[in-house]
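Some notes on the structure that comes next.
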Amino acid sequence: MYDARHLANFSLDFASRSGSALSHMAVQKLIFFSHGWSLANRGRPMVKNAFEAWKYGPVVRVVWDSFKQFGNKPVTARASFIDPMTGLANYQAYAFRTDDIAFLETVLSYYVGFSAFTLSDLTHEAGMPWRTVREQMTKSANIGATIPDEIIRASFQALSLGWLGSPSTIVSQASLTQGNYLPMILGPVSK
């Protein structure tokens, strides 16, 4: 398991290499999808931080603290860590296992091209963990409720995993614009 700020920085670097800029909201959602697919497909969490059910979707508070100054503008800095002894913020390089890098790149390759609002809409779909927790919150005064990993795992397991497990498939981003938010497999990649 990794600190969500490391996943945020990895996502920002990945997007930058592919010529994309990410808003803070997009970064939060990319971390969430990476975590959810890891729980469902690999049986293990990707991040050690808790996701909270905020108004526009799942949020990791330390990532929000790192990027809140960007608002809805592209994030141009990397998340930092506060040294408890000095109170100073500093960057920490991320280091991921090789299999985790390959997994993250697969997930990010699919999701990084979507707008922050499309990513947010995906987290609001019926049966998704954010929506489940938010619906429970309306029945109580539980502001900023944590989204348990068990709910995240079960929700993502209910989705199609075929696109994620096979590097020889192409996923259609057009499926999102047609109101079908589940990844669609188009067929083998020609080499």
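Regarding the range 178-185, can at least one residue be identified that is touching a helix residue (DSSP H, G or I) at 6+ places or on another chain (Cβ under 8 Å), modelled with pLDDT of 85 or more and not aliphatic (A, V, I, L, M)?
no
Anything in the range 63-84 that is in a helix (DSSP H, G or I), farther than 18 Å from residue 13 by Cβ and touching a residue at least 24 places away in the same chain (Cβ under 8 Å)? List them, or say none.
Those that are in a helix (DSSP H, G or I), farther than 18 Å from residue 13 by Cβ and touching a residue at least 24 places away in the same chain (Cβ under 8 Å): 64, 68.
Please go through (1) at pLDDT 95 or above; (2) under 22 Å from residue 124 (Cα atoms); (3) surrounded by fewer than 18 Cβ atoms within 10 Å (Cβ to Cβ) for residue 11 and return the number of the only condition it doesn't satisfy.
With respect to (1) at pLDDT 95 or above; (2) under 22 Å from residue 124 (Cα atoms); (3) surrounded by fewer than 18 Cβ atoms within 10 Å (Cβ to Cβ), residue 11 is out only on (3).
Within the range 5-50, which residues are of a type in the set (Ser, Thr, Tyr) and more than 12 Å from residue 104 (Cα to Cα)?
16, 18, 20, 23
Can you confirm whether the range 114-125 contains a residue that is touching a strand residue (DSSP E or B) at 6+ places or on another chain (Cβ under 7 Å), at pLDDT 90 or above and surrounded by 13 or more Cβ atoms within 10 Å (Cβ to Cβ)?
yes
Listed residues 53, 21; which is in a loop (DSSP other than H, G, I, E, B) and either touching a strand residue (DSSP E or B) at 6+ places or on another chain (Cβ under 7 Å) or at pLDDT 95 or above (or both)?
Exactly one residue qualifies, and that residue is 21.
So is residue 86 surrounded by fewer than 18 Cβ atoms within 10 Å (Cβ to Cβ), more than 14 Å from the chain's Cα centre (by Cα) and modelled with pLDDT of 95 or more or not?
Spelling it out, it is not the case that residue 86 is surrounded by fewer than 18 Cβ atoms within 10 Å (Cβ to Cβ), more than 14 Å from the chain's Cα centre (by Cα) and modelled with pLDDT of 95 or more.
The values are calculated or read from the model by the stated rules, or taken from the named source; none is laboratory data. Everything numeric here is computed off the predicted structure, so don't read it as measured data. Methodologically, a virtual Cβ is constructed for each residue, glycine included, from the backbone with ideal geometry; neighbour enumeration extends over all protein chains shown.
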